[in-house]
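Working notes, beginning with the structure itself.
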Amino acid sequence: MDRAGKISISGFCALAGTCGIASGLAAAFGVITGAECSKDKETSIALHVMAAATEAIANEAGPCCCKSFTRTVLGVGYNLAKLYLGINLPIHYEKIACTYVKRHPHGCRASRCNYFPRKVG
């Protein structure tokens with residue numbers, strides 16, 4: 001945990017060009033499929049998952065929000081589980097309204113965020 005804490009720092013994604021949330025989803029697919037350097041298909045799946053998750057996050061950057069990224073990447077994982085694993089995961093369709101708007105350290109994306117609370121009425 002000490003090592004993870006050292007690399008899990010605010011702004012790491014901007015410095016490294018990758019987000020731990022995308023890496024985590026790709027790692028999960030790698031474990032599930034048994035990806036290894038010597039396995040073409042399984043490794044390819046893990047890399048495609050990483051690319052899809054990173055693309056989804058990149059489309060939401062500015063300012064970065066780990067909570068938004070996590071929610072978005074879970075949706076990517078849901079879709080890719082169907083595509084690559086033939087698994088239909090249960091999904092909860094309730095609209096998520098973020099409660100961290102005023103506490104975000106980098107500033108909230110507000111109306112540009114899919115999870116920004118919308119006034120109903």
Inset, instruction - Tally the residues that are touching a Cys at 6+ places or on another chain (Cβ under 8 Å) and more than 21 Å from R112 (Cβ to Cβ), restricting the search to segment 27-63. - result: 1
Legend entry - In segment 84-100, the residues that are out of contact with any Phe, Trp or Tyr (no Cβ under 7 Å at 6 or more places or on another chain), surrounded by fewer than 13 Cβ atoms within 10 Å (Cβ to Cβ) and aliphatic (A, V, I, L, M): I87
Legend entry - Subset of segment 41-63 that is part of a loop (DSSP other than H, G, I, E, B) and of a type outside the set (D, E, K, R) - its residue that is farthest from A110 (Cα to Cα): N59
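Okay, residues lined up against (1) of a type outside the set (K, R); (2) loosely packed, with under 12 Cβ neighbours inside 10 Å:
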{"site": "T33", "(1), (2)": "yes, no"}
{"site": "H48", "(1), (2)": "yes, no"}
{"site": "A56", "(1), (2)": "yes, no"}
{"site": "K102", "(1), (2)": "no, yes"}
{"site": "R109", "(1), (2)": "no, no"}
Legend entry - In segment 7-40, the residues that are at pLDDT below 95, of a type in the set (S, T, Y) and in a helix (DSSP H, G or I): S23
Legend entry - A58 at pLDDT below 95 and of a type in the set (G, A, S): yes
Legend entry - Members of segment 64-100 found to be more than 22 Å from T43 (Cα to Cα) and outside any loop (DSSP other than H, G, I, E, B), listed by number: C66, K67, S68, F69, T70, R71, T72
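The rows are residues; the columns are (1) without any contact (Cβ under 8 Å) to a residue 24 or more places away in the chain; (2) among the β-branched types (V, I, T).
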site	(1), (2)
G34	yes, no
K39	yes, no
S44	yes, no
I57	no, yes
C65	no, no
T72	no, yes
Y84	no, no
P90	yes, no
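The values are calculated or read from the model by the stated rules, or taken from the named source; none is laboratory data. What you see is a predicted model; the values in this text were computed from it and never measured. Methodologically, a virtual Cβ is constructed for each residue, glycine included, from the backbone with ideal geometry; neighbour enumeration extends over all protein chains shown.
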